[in-house]
Amino acid sequence: MSRTLVRSLAAGAALLTSVFVTPAATAATPTADELRLPGTAVQFTSAASTQTKALAAQHKAVVQAAATECGAGYRLDYAERLPDSRRYGTLFSYTKTNSQGFSGACAIFENNMPGGMKMKLKLCPNRVNPTCKVDEGLFTQYAGPVKIEGSHSYVFCSKVTAIMWDGIAGPAIIDAVRSATPCD
């Protein structure tokens, strides 16, 4: 092959790569508007699912209050109906990052039942025999926030537990343990 043909083929391949590959990479990067709950100052993490965004839109007041109580720099990572689509409660988890990785986790457990419910929200760092943050009692609106902050290794893979009982001494109608931060 001649050098001219090789150069022409290389230029053509570069052009095709820029046309077919670059726009896909650009389209996959969320915009600032896509990472904000409309009508609020609440920001989502880039990992927030469509379901999380939809639940946040349905519960703007709780999401806004939780973000305010968690503090500056926290972003909504996920929201989940518990125990399932019946939704007796909703768990909201927020994370905070810095240049070294995760630096905080914060959770709120919303009561979606009429009246007060006995609830427990516990957030534990990734440690053996951890010192956990707990909010437990009778709640009409939500338990929490519970928050941990520290180094990436302390916050990474932290766990959140959300429990709701049927009455004061009844069985648990929600008993969920989730990762409060993404975990490999």
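The values are calculated or read from the model by the stated rules, or taken from the named source; none is laboratory data. Note that this is a predicted model, so its numbers are computed, not measured. Using ideal geometry, Cβ is built from the backbone for each residue, glycine included, and neighbour counts are taken over all protein chains shown. Surface areas here come from the heavy atoms of the whole protein model, side chains and all, with no ligands, DNA or RNA. Shrake-Rupley method; radii C 1.70, N 1.55, O 1.52, S 1.80 Å.
Points to keep in mind about this one:
- The range 136-148, subset open to solvent by 60 Å² or more (accessible area, probe 1.4 Å) and touching a residue at least 60 places away in the same chain (Cβ under 8 Å), residue farthest from ALA65 (Cα to Cα): LYS147
- Residue count, the range 64-79 (criterion: in a strand (DSSP E or B) and open to solvent by 20 Å² or more (accessible area, probe 1.4 Å)): 2
- Residues of the range 80-117 that turn out to be in a strand (DSSP E or B), farther than 14 Å from SER158 by Cβ and of a type outside the set (A, V, I, L, M, F, W, C), as a count: 7
- When residues of the range 149-171 are limited to those that are small (Gly, Ala, Ser) and open to solvent by 50 Å² or more (accessible area, probe 1.4 Å), the one farthest from the chain's Cα centre (by Cα): ALA169
- THR90 being closer than 15 Å to TRP165 by Cα, among the β-branched types (Val, Ile, Thr) and open to solvent by less than 60 Å² (accessible area, probe 1.4 Å): yes
- Any hit, the range 120-140, residues being assigned to a strand (DSSP E or B) and at positive phi: yes
- Test: THR52 is part of a loop (DSSP other than H, G, I, E, B) and either open to solvent by less than 70 Å² (accessible area, probe 1.4 Å) or modelled with pLDDT of 90 or more (or both): no
- From the options ILE163, ILE148, ILE168, ILE173, residue that is at negative phi and in contact with a Gly (Cβ under 8 Å, 6 or more places away or on another chain): ILE148
- The residues of the range 101-110 that are modelled with pLDDT of 95 or more and surrounded by fewer than 22 Cβ atoms within 10 Å (Cβ to Cβ) amount to a single one, SER103.
- Evaluating TYR154 against the criteria (1) more than 15 Å from VAL62 (Cβ to Cβ); (2) of a type in the set (Ser, Thr, Tyr); (3) touching a helix residue (DSSP H, G or I) at 6+ places or on another chain (Cβ under 8 Å) leaves one unmet condition, (3).
- Of the residues LYS60, LYS122, LYS133, LYS96, the single one that is open to solvent by 50 Å² or more (accessible area, probe 1.4 Å) and in contact with a Phe, Trp or Tyr (Cβ under 7 Å, 6 or more places away or on another chain) is LYS96.
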